[in-house]
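Working notes, structure below.
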Amino acid sequence: MDTCRVLAPVLCLPLLAGCPDYSLHGEDPEPPLGGDTAAEPEPTMTEAPLEEWCNGVDDDGDGDVDEGFDDVDGDGDADCVDDACEPSLAPPVSEDCGPCQGEPRPVSVPPVDPWNYVIEWEWATLGTGAMRGSVISTPAIGDLDGDGLPEVVFVYFDHPSTISESLAVVDGATGATRWTQVGYKGAQAVALGDVDSDGYGDIVAYAIPDGDGGRTFLRALDRNGGELWSAEHDAFRFTGDHAAPFLTDLEGDGSVEVLVHWLILDGTTGTLIAELEDAVSDHTTTWTPVSADMDGDGVQEVLVRNGVYDHTGALLFTCGLGTDNPVFSVPTNIDADANGEVLVAETEGLTLCDDDGTVLWSQKMKAWPGPPATADFDGDGLQEFAVSLGDRLVLIDGDGTELWSTPTDAPPGLEGPTTWDIDLDGVPEVIIADEEILRVLEGTTGNPVIQITDHASTTMIETPAVADIDGDGQGEIVFGSGPCLHNPCNWVGVRALGSADGDWPWARPVYNQHAYWGGNIADDLSVPTDTTPPWLQDENLVRGQATAWETPVLPNLQAAVSDVCVASCAAEGFTQVALQVWNSGAADAESGVVLRLYGTVDDALLLLDERPTTAEIPAQGSYEWTVDTNRAALGSELFVIVDEDDAVEECIEDDNQGIMTIALCE
């Protein structure tokens, strides 16, 4: 562009209008007759009016610059000279994504001899008799009083002649009894959680009315044993020995619900919220509900027996036959999509259904299955199932294939396994207490690596529990035994099993209920409002404890187009795009993360810029930059994508793209 064009002065010629009639050459004309003889004025030279050019200068001196030239983008500068603009960079971001946060797990060192164990403490009542001190349910673990150290809570049989059943709270570090209370069903599990939102843990357990050893009701107790509420319902006449309450926040609204039998109760008051549609059976004794968001709508569904229900109790679908004998269901994910599947274990076998009830596979079993445990046993990011089948424990792949089988002593066998990676090889071990032996099995092979042979159990629905019960940064295995099945008697009571070398890996200080999964309870026993299901959380397991080497502390990269400046609407008109990438995770993102900007031209993506970061993006930090291009390249939409190649392991993998629709110059 010619930005400096100057007009030369022009002489006023005789033919031009407004010029006097005089000669520029020769003599002057005669003066008019009778007139003065005064001299005529000298001829003068004049300038033509100045012309305004598009050059950013007020050429015609009228106070306006480049008037009459287009300013399509309305920024006050004519398009022909508008070759620079300043889009607004977004202010730095400091944001956490919620699910990406949490307590960082220490990365433990693999134990020197992971199978070298010691009994850290034993709890037992005094006296003799087959049932004295027997514990045949899952011990629950959690910090009730907020002192930073967990308690172990369980029910037990405490009288040698007439069966009397009680609840005990013991010190997690020593096994010393804190308090006991008589009148609780000894074969049914308890659950721990802050149901009244007072900042302390509470206990939910099946209680027995005075003088009535058969009928039960549900009771909530505070940390000192004081009653918060009691709930009675016809449902509790079907108690048997196969029931466990489950604490959850179905809607993520901060209100705790208690799932029990086919009921949904208010956790604060114990009042009935809903009954599960068509769930009642006059003959069943198995009620072990669990919840998870199966369809990704942000609200959890209820799974009990072979039914899946919404949070109002409406039946969504059934899976399997739902026979009257023990039936256990567990939420799982075997296909890596966002929605879950449900595995139903019943006397007819195992059935896996999709999130709409479609049967994916079903297979007959020769024995009653116990409650399954799910975990990723092969590192493929998907869950497999460990299931007790009476005289053996099997590991089953997501497609129904049996991966391994190990003999157990538990006919008919309704006990359940739990999982924990003790040797830190990346595969969790399977821990199960059958009729005679507490077994720890290698997750890859099923081979036994620890066996405690003086255990005894009638194998109801109990599972061992895993947690750091003494605050030393290492996990322990806690399990109950009883009743006496042999002569001489097997040991009965509760034991805590730990590393003899003091080098077992880290574990959380909580295992709060029979269908425990970590994302459903916090370390302080508050019930999280986050409804993210297990398969979308790092632990990716049910009835198992997280491992130390799989740290959940990850970056989470997100991107946005923050501003666009269009200097000229011509195809080659200068444009500049302001972009931002931020890290809402809990760990720094290392340098070298690739950032790409695309325009959309004729429905095709056009790469406008690609660059790796040259420095790390810290947790809760951001990076801002601009890209120069032209108007034609922007097209109709802009896409900025960070880590498009999935080179960075992130807390959330599907939020790496920012979009802006271009409405300028239309």
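The accessible area of residue 233, taken with all protein chains in place and a 1.4 Å probe, comes to roughly 50 Å². Residues whose amide H comes within less than 5 Å of that of residue 274, counting only those at least five positions distant or on another chain, are 264 (H built at 1.01 Å from N in the peptide plane).
Net length available on complete extension from residue 112 to residue 336 is 77.2 nm, with 0.36 nm assigned per residue and the Cα-Cα distance removed. Here the stretch 319-349 and the stretch 359-418 have alpha carbon centers that stand 12 Å from each other. Taking each residue as 0.36 nm, the span from residue 425 to residue 122 lengthens on full extension beyond its C-alpha to C-alpha distance by 106.2 nm. Amide H contacts of residue 393 (H built 1.01 Å from N, in plane; Pro and chain starts excluded): 406, 408 sit under 5 Å, all sequence-distant by 5 or more or on other chains. For residue 662, the amide hydrogen comes within under 5 Å of the amide hydrogens of 637, 638, counting only partners 5 or more places away or on other chains and with H modelled in the peptide plane. Full extension of the chain segment joining residue 362 with residue 529 gains 56.7 nm, where the gain is 0.36 nm per residue of separation less the Cα-Cα distance. Of the listed residues 223, 178, the order by accessible area with a 1.4 Å probe, largest first, is 178, 223. Across 622, 291, the residue with the most accessible area heads the list, and the full order at a 1.4 Å probe is 622, 291. Applied to the stretch 195-205, the Karplus parametrisation 6.51 cos²θ - 1.76 cosθ + 1.60 on θ = phi - 60° returns per-residue 3J(HN,Hα) values of 7, 10, 6, 9, x, 10, x, 10, 10, 10, 8 Hz, with x for Gly and Pro. Which of the three applies to the stretch 309-388, rounded, prolate or oblate, going by the alpha-carbon gyration tensor with a ≥ b ≥ c and a/c under 1.5 meaning rounded? Oblate, because a/c is 1.5 or more while a/b does not exceed b/c.
Rounded, prolate or oblate: which one fits the stretch 337-488, using the alpha carbon gyration tensor with axes a ≥ b ≥ c (rounded when a/c is under 1.5, else prolate when a/b beats b/c, else oblate)? Oblate. Accessible area per residue was computed with a 1.4 Å probe on protein heavy atoms; residue 237 scores about 130 Å².
For the stretch 483-607, the per residue solvent-accessible surface stands at 32 Å², with DNA, RNA and ligands left out and a 1.4 Å probe. Each part reduced to its alpha carbon centroid, the stretch 450-475 and the stretch 485-526 end up 5 Å apart.
The values are calculated or read from the model by the stated rules, or taken from the named source; none is laboratory data. Just so it is clear, the structure is predicted and the values come from calculations on it, not from any experiment. Just the protein is used for accessible areas: all its heavy atoms, side chains included, with ligands, DNA and RNA removed. Shrake-Rupley method; radii C 1.70, N 1.55, O 1.52, S 1.80 Å.
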